[in-house]
Amino acid sequence: MNFTDDVAAVNSLQIAYDALKKEIHKKIVGQDAIIDDVLLSIFSKGHCLLVGVPGLAKTLLVTTIAQTLGLQNNRIQFTPDLMPSDIIGTEILDSQREFKFIKGPIFTNFLLADEINRTPPKTQAALLEAMQERAVTAAGIRHILPEPFFVLATQNPIEQEGTYPLPEAQLDRFMFNVWLDYPSVDEEIKIVKTTTGTINNDIQTILTSDDILQYQQIIRKIPVNDSVVRYAVELVAKTRKNTACTSPVAQEYISWGAGPRASQYLIIGAKAHAAIHGKYSPDIDDVKAIALPILRHRIVKNYKAEADGLRVDDIITRLMS
């Protein structure tokens, strides 16, 4: 692909992205930043963790985005008694007395893992191989998942009793950790009017699976200046204690910093962020624009940060300044 083709491809992605958002807003009121992060993670071939209280239309968001993208979607309600086989699938003995693998709900394009922290670690771990390798292993046989494959997991930040916090290894599999807040008064008025009447906005499919796979490849091909790569890597390195790049903020307030996967996601996310804004190469502002949702679940703050009332976002903002 030559430069002219690359420019045309990025322009096509920007047009498709604008059309997607317009279609999604037929059902979803506001939440622009949330929609941006979810779509960016899809085009970057990542996964998204959505943290928000009940009733903020997380499930509706997933089904609406899946419809606009022409993707098959499944929802799993995570509960304490859920087993790995309920997600991956299981082998049964059929009428021919032969073992047959019955695929679980993970065999889809768009998986909503609802309240993922309500199930024990052994069931949470069933998602680890799928999220990283795009495949699952059952009875010693590896099964490839359909492409594209995307996991959007939700957590309720209020109730912590009877929950199982995600381990660091699984949190690191998520590209974005997005915090979903309450709508504004004007947005809530519009939500109430829309959902308590007879209006039914049909969602049109804007892209196909093949389109998404093509755009994922286009984003990978976008060039990045070495100075931008260095900024992203040094930003991540600043979060680590007792290294050459350690920031005084990290030394004072952070117990554990982010790993190399954060640097990778910063660059691929910056590429996608640049593309949807019509730029043919990302700059440092693109890295900063997606730094919070990429870093906030990869940093463990210490007791001093808790005592001083500092949030993880406050620490990241200081590191970027």
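The values are calculated or read from the model by the stated rules, or taken from the named source; none is laboratory data. Please read all numbers here as calculations on a predicted model, not as lab measurements. We place every Cβ from the backbone using ideal geometry, glycine too, and count neighbours over all the protein chains shown.
Brief remarks on what is shown
- Residue that is in the same structural domain as Lys301 (by TED's automatic domain parsing), touching a Gly at 6+ places or on another chain (Cβ under 6 Å) and not basic (Lys, Arg), where the choices are Thr246, Thr208, Thr239: Thr239
- Taken over region 19-78, the criterion of being charged (D, E, K, R) and closer than 22 Å to Asp210 by Cα is satisfied by Lys21, Lys22, Glu23, Asp36, Asp37, Lys45.
- Scanning region 132-148 for residues that are closer than 15 Å to Asn74 by Cβ and touching a residue at least 40 places away in the same chain (Cβ under 8 Å) yields Val136, Pro146, Pro148.
- Subset tally (residues that are without any contact (Cβ under 8 Å) to a residue 60 or more places away in the chain, among the hydrophobic types (A, V, I, L, M, F, W, C) and not in a loop (DSSP other than H, G, I, E, B)) for region 205-255: 6
- Criterion applied to Ile116, Ile15 was being closer than 18 Å to Gln204 by Cβ and out of contact with any Cys (no Cβ under 7 Å at 6 or more places or on another chain), and the one residue passing it is Ile15.
- Scan of region 299-314 for residues that are crowded, with 22+ Cβ neighbours inside 10 Å and either at pLDDT 90 or above or in a helix (DSSP H, G or I) (or both), ordered by number: none
- When Ile268, Ile294 are screened for being surrounded by 22 or more Cβ atoms within 10 Å (Cβ to Cβ), part of a helix (DSSP H, G or I) and touching a strand residue (DSSP E or B) at 6+ places or on another chain (Cβ under 8 Å), only Ile294 passes.
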